[in-house]
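First the structure, in the form of structure tokens, and then the observations on it.
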Amino acid sequence: MTPFPIILSSPSGGGKTTITKELLARRSDLGYSVSATTRGPRHAEVDGHDYHFMSHADFVGRQQGGEFAESAEVHGKLYGTLRCEVHRVLDSGRHVIMDIDVQGAARFGDAFPESVLIFLVPPSAEVLLRRLMARRTENASDLLVRLETAKRELEAIPKYEYVVVNGDLEQAVRETAAIIDAERLKRTRAPALGERVRELVDGLDREIAALRLQSPAMPVPRG
Ligand code: 5GP
């Protein structure tokens, strides 16, 4: 099976980081693409693990050098997916899971059409606000910006193939995993399917010929 990119988007506080971490802990067929950003690290975030934290100049230099598969400005800071990160995971035979905003998701989907786009929706405005406040990472004006941005981000839902409501975390993780499994089994992702079917038909022809030799009087089925 050919590994593919999986994009999770949601408004801030929608749970994509938590769901991504859960999926990575439960499934060995997934790897994470560490994004680059010009925002500073929060709490215990580690450079190279949570993000590649970089200066504005470094980011723009890499952008100009074509190192990003997509990039976008989110809440006044630059974020982007490094091509080398995506290939590092895909080349190891694992699907690459990414947590990117709606602008970046659309661009990435154009560049990698085999991607699966999943939107995580919060169950209600109150829950979203509660989760954002519980993070204690934003001040009141940041909170307002994130809520205003959330309204715009929800307008992008029609561009996504799948929607998961993240009310109950366990259920949302299971549903996201089910999407990955269904996508894995898509006919269009099956490698060398035509060849495998031809081999099956040849095998059946051999079995039929052998049966006929054993019972020559057997009637030939119609149709
Ligand atoms: P945060 O600063 O809260 O970690 O992330 C802010 C927003 O940036 C989130 O919506 C997150 O999905 C988005 N983001 C994180 N990494 C990337 C990326 O590589 N590309 C884009 N376009 N958005 C990203």
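In this structure, GLU199 does satisfy being surrounded by 10 or more Cβ atoms within 10 Å (Cβ to Cβ) and within 38 Å of the chain's Cα centre (by Cα). One residue is enough: does the stretch 118-135 have a residue meeting the conditions farther than 14 Å from SER12 by Cβ, of a type in the set (A, V, I, L, M, F, W, C) and within 11 Å of the ligand (Cβ to nearest atom)? For the stretch 118-135, residues farther than 14 Å from SER12 by Cβ, of a type in the set (A, V, I, L, M, F, W, C) and within 11 Å of the ligand (Cβ to nearest atom): absent.
The residues listed here are SER115, SER92; of these, the one that is surrounded by fewer than 19 Cβ atoms within 10 Å (Cβ to Cβ) and of a type in the set (S, T, N, Q) is SER92. Quick check, is HIS75 open to solvent by 10 Å² or more (accessible area, probe 1.4 Å) and more than 28 Å from ILE157 (Cα to Cα)? When the stated conditions are applied, HIS75 does not pass them. If the condition is being closer than 28 Å to SER124 by Cβ, open to solvent by less than 10 Å² (accessible area, probe 1.4 Å) and either in a strand (DSSP E or B) or of a type in the set (Val, Ile, Thr) (or both), then the stretch 1-45 contributes ILE6, ILE7, LEU8, SER9, ILE19, THR20.
Yes or no, residue by residue, for (1) assigned to a helix (DSSP H, G or I); (2) closer than 19 Å to LEU23 by Cα; (3) in contact with a strand residue (DSSP E or B) (Cβ under 6 Å, 6 or more places away or on another chain):
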| position | (1), (2), (3) |
| --- | --- |
| VAL96 | no, yes, yes |
| GLY104 | yes, no, yes |
| LEU117 | no, yes, yes |
| LEU120 | no, yes, yes |
| LEU128 | yes, no, no |
| ARG131 | yes, no, no |
| ALA134 | yes, no, no |
| GLU148 | yes, no, no |
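Looking at (1) touching a Phe, Trp or Tyr at 6+ places or on another chain (Cβ under 7 Å); (2) more than 18 Å from LEU8 (Cα to Cα); (3) of a type in the set (D, E, K, R), which is the one condition that is false for GLU70? Every condition holds for GLU70 apart from (2).
The values are calculated or read from the model by the stated rules, or taken from the named source; none is laboratory data. These numbers come from a predicted model, not from an experiment. Neighbour counts run over all protein chains shown; Cβ positions are idealised from the backbone, glycine included. Quick note on the areas: whole protein, heavy atoms, side chains included, nothing else; ligands and nucleic acids left out. Shrake-Rupley method; radii C 1.70, N 1.55, O 1.52, S 1.80 Å.
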